[in-house]
Amino acid sequence: MRTTEEPEGFDGEASNTSMISGASSPYQPTTEPVHARNVLGGIRCDVEYLKSYFGILKVVEVVLSLIGFICIETIMMCSPCGGVYFFEFVSCSAFVVTGVLLLIFSLNLHTKVPHVNWSLTDLVNTAASTFFFFLSSLVLACINHSTGAEIAAVIFGFLVTGVYGINTFLAVRRWRLGNGCQGATQTSEYMRARTASRGEMEARPELA
């Protein structure tokens with residue numbers, strides 16, 4: 001009987017010890033659900049942006065830049081080739097950068113990076129594209145061999161220059177309005193803080 005009671009006592013002590021150690025262990029099991037972070041949950045196609053002036057202009061810019069790049073790529077022989085290479089670089093760069101910005105704005109990806117001034121970024125891109133497209137189209141118009149591909153590239157180059165110019169004008173106006181609203185907000189917050197401080201001083205004369 002004694003031999004049978006000892007294992008039972010030992011088992012009881014072991015179970016009690018495990019319960020105590022389990023209660024004092026910092027790694028306690030939890031029944032709280034683990035929510036997986038859906039990183040791509042906020043990505044959606046912004047149809048309203050695509051219907052806006054900026055969205056339509058972006059689409060037109062991407063299409064015209066691509067057409068101009070295709071036209072210049074069909075030229076097999078050139079001498080000199082400086083104007084062709086310059087226009088090729090400008091059209092390809094504008095197509096890639098503007099296409100990326102169109103993708104970012106149409107999918108609301110810019111809301112994921114709020115510390116970037118996207119209005120200013122768009123303004124810089126449109127202004128630079130306007131200048132370089134105009135310059136490359138002018139150079140290609142002056143230095144060409146009167147082939148159909150070169151003439152078509154020049155025409156589409158000046159067309160996309162006009163579209164980028166309109167976009168630049170609208171981007172400048174949007175950027176100025178944004179800075180004006182931000183400045184007005186900061187001024188109103190400063191005046192509100194001064195009013196609250198003045199009210200506290202009047203309520204507590206000993207602070208004066």
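When you go through (1) open to solvent by 40 Å² or more (accessible area, probe 1.4 Å); (2) under 30 Å from Gly148 (Cα atoms) one by one for Val62, which number turns out not to apply?
The number of the failed condition is (1).
Restricting the range 110-134 to residues that are within 17 Å of Tyr85 (Cα to Cα) and free of Cβ contacts under 8 Å to residues at least 40 places away in the same chain, which is most open to solvent (accessible area, probe 1.4 Å)?
Of everything passing the filter in the range 110-134, Phe131 is most open to solvent (accessible area, probe 1.4 Å).
Taking the options Ile67, Ile56, Ile104, name whichever one is among the aliphatic types (A, V, I, L, M), out of contact with any Cys (no Cβ under 9 Å at 6 or more places or on another chain), more than 22 Å from Phe156 (Cβ to Cβ) and assigned to a helix (DSSP H, G or I).
Ile104
Name the pairs: first residue in the range 147-175 and part of a helix (DSSP H, G or I), second residue basic (Lys, Arg) and modelled with pLDDT of 95 or more, Cβ to Cβ under 9 Å, at least 6 apart or on different chains?
That search, which allows pairs on different chains as well, returns Asn167/Lys58.
The values are calculated or read from the model by the stated rules, or taken from the named source; none is laboratory data. Not measured: the values here are computed from a predicted model. FYI the Cβ positions are ideal-geometry reconstructions off the backbone, even for glycines, and counts take in every protein chain you see. Areas reflect the complete protein model, heavy atoms only, side chains present, ligands, DNA and RNA absent. Shrake-Rupley method; radii C 1.70, N 1.55, O 1.52, S 1.80 Å.
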